[in-house]
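Asks: Here it is, the structure, as structure tokens.
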Amino acid sequence: MSYAASPIKAIARYNGTVTATSSSSTANVTITAVDLSKTMFLPSNATGGEATNIGTMQLTSTTNVELKYMGTGSGYNQTIVYDFQVLEFF
């Protein structure tokens, strides 16, 4: 039995938490380097913690995903829960 070659080079799932400072409305997550012209970014709905505070997520460079969350921490840091996948193609 032979199998067709997959067009997918790599699938990486990132989930966890990041601390967002009180004076900001964005936080960043470092990812393994990808070729932006051959990549698909798939945000997911994280659950638990402050997950509901996330507004949007976007791949901003070959090694960075920016999380934008609603509002600032009103003088305190916030823990942001995230969950996303990055697919890279050949």
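Asks: Starting from the amide H of Lys9, placed 1.01 Å from N in the peptide plane, find each other amide H under 5 Å away whose residue is 5 or more places distant or on another chain.
Replies: For Lys9, the qualifying residues are Glu88, Phe89, Phe90.
Asks: Arrange the following residues from fewest to most other Cβ atoms within 10 Å of their Cβ: Tyr69, Tyr14.
Replies: With the sparsest Cβ surroundings first, the list reads Tyr14, Tyr69.
Here, each number is a calculation from the coordinates, and none is a lab measurement. This structure is a prediction, so every number in the text was calculated from the model and none was measured. Cβ atoms come from the backbone with ideal geometry, glycine included; neighbour counts cover every protein chain shown.
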